[in-house]
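What follows is a single structure, written as structure tokens, with notes after it.
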Amino acid sequence: MDTLHHHHHRPTPPPSSSSTSMAKRPCSSSSSQNPRLPPHFSQMDHLLHSFLSFPDSSPPISLDLSFDRLLDSSPSDADQSILIDRAHRLGCLLLRAANRSARKRASIHNSVAWVLPPDLTIKVFSMLDSQSLCYAAATCSMFNKCAMDPLCYANIDLTTIVPKVNNAVVSTMIQRAGKSLQSLKLGIVPGPTGSPGSCQPLVYTIRNSGDVSSFSWNEKRTRQGKESSILTRSCLYPLSGDNGATGILLRRLHLYNIERMDNASLCVALAACPSLLDLEIVGLHVELRQTLMSVSSHCRFIERLFFESSKTGRDDSLKSPTCFELVNNCPNLSSLSLRGFKLHDNKVRILVKGFRKLEYADFSTSYSITGTFLRNLGNGGGGSLLEVLILRDCMHLKEMEVARFLTAVIAGDFKFLKHLDISNREGLASEGDWYQRSYNSSLIPLQQVLEVRPDICLLAEFPSEGCFLDIDHMIDSDINSELSLPFQQSGQTSDGALVTSSLESSYNSDQGSGNEEYQDSGFVIYEESSDEVDFLIV
């Protein structure tokens, strides 16, 4: 009994290592150590949680040393390279996941904090310009979803000061708009567009612009292959997509200084826009006659046509039958601007008299216009409703014709006329010889017009007498540049008078009325280079 009793009080031997291990195994689970983690977390979840649980105060060098020790434990150089590559990939994946989660959280926050419902948000976005819309779309996924609505792209304005928009951008925007597309503006605009009545030239070329000296003509960037930051002749092809449904409701089309656009491409685009009301073309290497033929054939609801030549005074392709066809097929035209073309009085008269609703006419820098088309223009019919008439810098415009027109205004014709511009930087042509210039003619009753019609804004700006640059010198000047930008160069004479000379002087010795028909001009069409590749998003 004593022995048994003594054995009963013998100290219990320490448990074996296996027993200890088995006894502590349930306590080693991460769920027990981290009761906040859900039980369904995978091993990767626990590993990532442990990694992200490192305190920010721990020295960064410890992570570097740990990674170095891990590399040193690798048996070969190839294994070390694999380990480094895996670290790079995992780091990128972790960064991508963090960014995605941050955007998701921001979107959830915005959906709660943003007070407008999606339909009103889309309405607000539809009022933004194209660049602001892109910025809004990049803010968060909620805004991006609203910004993808076709209504936001109803009015696309991709005009820039320097080339930075290519065909892929245009195609993407047009595809997002779909059948909602109503307005499209493309190209390079050298500056703010002038107000009605302004004769500021919009023709522009990057090759001789001092504003973009840092731009490289051959500069290209990499995104889905090499893409050029230049619009080409195929930039309007998406308007013909979806069996022509994309451009069918387009109301406004403005194209500025797209140097690689040609006649065929523009005609295809106009054919896809039967509902066009407003067409503005500036600085394109396209022929006037072919363009007007396309307009009269396909855009019969047109109300405003603005066309500024890329080659001032060299395009005399317009024929009388084309004028009659345009008048008959486009009766709703109320605003017509043909600037920089070699127009003749008989064709201008067909247009002005033919359009019964014409209120705005601009024939600035149109060579060969003498002003005979103004005779009897206000006696009913087309021309009597004119509110704005601009004949600025028409080289052959005669002072006698201007005097007859203003006399008719004093007599009571042109009752709706509000703005008249007969300014000429070279003076008006005399009746007998256009080489003889008039700078302050007593034949023109300017003061009487202002007294009888004080509501008219009459612009008659001429240089001081004796400041006119010699005509022969102008004709002999360099006019052979294929892509020249017309501009004015000013200086002061000894008596302080302002001298204005044109470096784009393609005047010729045509002193007649300009009523003769000419042979078809050999108009130069610029083709794209053979290495050019168009990038359209399908």
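Details
- If you go through segment 410-464 and keep only what is part of a strand (DSSP E or B) and hydrophobic (A, V, I, L, M, F, W, C), you end up with Leu420, Leu428, Ala429, Cys457, Leu458, Leu459.
- When Gly354 is tested against (1) more than 18 Å from Cys457 (Cβ to Cβ); (2) open to solvent by less than 10 Å² (accessible area, probe 1.4 Å); (3) not basic (Lys, Arg), only condition (2) is not met.
- Count - residues of segment 246-279 that are touching a residue at least 60 places away in the same chain (Cβ under 8 Å) and open to solvent by less than 20 Å² (accessible area, probe 1.4 Å): 11
- Within segment 125-172, being β-branched (Val, Ile, Thr) and under 21 Å from Cys235 (Cα atoms) holds for Ile156, Thr159, Thr160, Ile161, Val162, Val165, Val169, Val170, Thr172.
- Scan of segment 302-343 for residues that are among the β-branched types (Val, Ile, Thr) and either open to solvent by 30 Å² or more (accessible area, probe 1.4 Å) or at pLDDT 95 or above (or both), ordered by number: Ile302, Thr322, Val327
- Within segment 300-324, the residues that satisfy the criterion of being under 28 Å from the mean Cα position of the chain (by Cα) and basic (Lys, Arg) are Arg300, Arg304, Lys311, Arg314.
- Pick from segment 366-392, criterion among the small types (Gly, Ala, Ser) and open to solvent by 10 Å² or more (accessible area, probe 1.4 Å), ranking: farthest from Leu406 (Cα to Cα): Gly381
- So Lys347, is it crowded, with 23+ Cβ neighbours inside 10 Å, touching a Cys at 6+ places or on another chain (Cβ under 6 Å) and of a type in the set (D, E, K, R): yes
- Ser195 being at pLDDT below 75 and open to solvent by 20 Å² or more (accessible area, probe 1.4 Å): yes
- Residue match in segment 51-62 (condition: open to solvent by less than 70 Å² (accessible area, probe 1.4 Å), at pLDDT below 70 and not hydrophobic (A, V, I, L, M, F, W, C)): yes
The values are calculated or read from the model by the stated rules, or taken from the named source; none is laboratory data. The model shown is predicted, which means the values in this text are computed figures rather than measured ones. Positions of Cβ are generated from backbone atoms using ideal geometry, with glycine treated the same way; all protein chains shown enter the neighbour counts. Heads up: the accessible areas ignore ligands, DNA and RNA and are worked out on the full protein's heavy atoms, side chains in. Shrake-Rupley method; radii C 1.70, N 1.55, O 1.52, S 1.80 Å.
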